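The values are calculated or read from the model by the stated rules, or taken from the named source; none is laboratory data. As the structure is a prediction and not an experimental result, all values here were calculated from the model. With ideal geometry, Cβ positions are generated from the backbone for all residues, glycine too; neighbour counts draw on all protein chains shown.
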Amino acid sequence: MQVGLIGLGKMGYNLALNFRNNHHEVIAFDVNKVAMRNIAACGIRTAHSVTHLLSGMTGRRIIWIMVPVGNAIDVIINTLKNHLNKGDIVIDGSNSHYYDTISRAKELAKAGVHFLDCGTGGGVAGALNGISALVGGEKEIADYCQPLFQSICTADGYLYCGKTGNGHFTRMACSDRDHDGKPVISEGMRALHRYTGQAHWVEFTHAGKNPQGSFIRSWLN
């Protein structure tokens with residue numbers, strides 16, 4: 001598939017390579033000229049602006065935004081909506097707050113543009129070797145993009161989470177549980193080790209269906 005990638009930070013840069021390695025046609029843009037030169041040296045086509053990126057794409061366009069959470073996403077979307085065609089698709093691969101996601105989807109829908117939110121897990125290594133993708137949005141559009149998602153995910157790393165905002169909400173819930181729960185589990189395992197001499201480490205994953213590639217492994221002293 002052809003995909004326009006906006007954002008070549010640590011995650012976006014490796015994601016561009018992941019797309020390429022899985023035989024997708026990537027056109028990338030970032031305001032960082034060094035990142036642009038480096039990714040071009042890897043054989044990935046670049047564009048000098050968002051509008052230039054769009055003009056280089058054909059057919060139904062899929063735009064993947066991979067920039068830090070916040071105002072930058074709104075700036076990009078405001079630019080995109082004036083140049084996208086009805087039926088085009090925007091994917092927010094950041095871990096935005098789901099309230100913001102819902103608002104952005106509504107804004108794009110006015111122009112007939114579809115929006116998917118992708119809670120992305122796996123970190124920088126996962127961006128290169130296989131992410132976990134928790135996706136929210138219209139089921140028909142998610143199904144259309146599913147081959148793209150699955151190709152860049154680890155095995156069983158793709159999960160459709162339901163309506164718009166659910167992907168980012170689910171990712172937020174997973175992150176909160178992991179990061180808030182980790183100190184509690186650490187203390188429990190430390191106490192267990194103190195009194196039994198066992199349990200030097202623990203590996204834990206998300207409850208229920210775990211999107212592979214989105215786990216935390218903790219070695220405790």
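Quick check, is VAL67 within 18 Å of the chain's Cα centre (by Cα), hydrophobic (A, V, I, L, M, F, W, C) and either outside the structural domain of ILE102 (by TED's automatic domain parsing) or surrounded by 16 or more Cβ atoms within 10 Å (Cβ to Cβ) (or both)? Write out each step before concluding.
Details: within 18 Å of the chain's Cα centre (by Cα): yes; hydrophobic (A, V, I, L, M, F, W, C): yes; either outside the structural domain of ILE102 (by TED's automatic domain parsing) or surrounded by 16 or more Cβ atoms within 10 Å (Cβ to Cβ) (or both): yes.
So VAL67 passes the test.
Here ALA40 meets the list (1) surrounded by 14 or more Cβ atoms within 10 Å (Cβ to Cβ); (2) in contact with a strand residue (DSSP E or B) (Cβ under 6 Å, 6 or more places away or on another chain) almost entirely, failing just condition (1).
Quickly run through region 22-42 and pick out the residues that are under 23 Å from LEU148 (Cβ atoms) and either assigned to a loop (DSSP other than H, G, I, E, B) or in contact with a Leu (Cβ under 8 Å, 6 or more places away or on another chain) (or both).
First, the residues of region 22-42 that are under 23 Å from LEU148 (Cβ atoms): 22-30, 35-36, 39-40, 42.
Across region 22-42, the qualifying residues are ASN22, HIS23, HIS24, VAL26, ILE27, ALA28, PHE29, ASP30, ALA35, MET36, ILE39, CYS42.
Per-residue answers, yes or no, for (1) under 24 Å from GLU140 (Cα atoms); (2) crowded, with 22+ Cβ neighbours inside 10 Å; (3) without any contact (Cβ under 8 Å) to a residue 60 or more places away in the chain:
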site	(1), (2), (3)
SER49	no, no, yes
THR79	no, no, yes
ASN85	yes, no, yes
ASN95	yes, no, no
LEU108	yes, no, yes
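Going by the structure shown, is ASN85 modelled with pLDDT under 95 and either among the charged types (D, E, K, R) or under 25 Å from ALA105 (Cα atoms) (or both)? It is false that ASN85 is modelled with pLDDT under 95 and either among the charged types (D, E, K, R) or under 25 Å from ALA105 (Cα atoms) (or both).
Yes/no matrix, rows are residues, columns are (1) surrounded by 15 or more Cβ atoms within 10 Å (Cβ to Cβ); (2) within 23 Å of GLU107 (Cβ to Cβ); (3) at pLDDT 95 or above:
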position	(1), (2), (3)
GLY137	yes, yes, yes
TYR144	yes, yes, yes
CYS153	yes, no, yes
ARG171	yes, yes, no
PRO183	no, no, no
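Pairs meeting the criteria (first residue in region 17-31 and more than 13 Å from GLN2 (Cα to Cα) and in the same structural domain as GLY7 (by TED's automatic domain parsing), second residue buried (at least 17 other Cβ atoms within 10 Å of the Cβ) and among the polar types (S, T, N, Q), beta carbons under 8 Å, at least 6 apart or on different chains) are PHE29/THR46.
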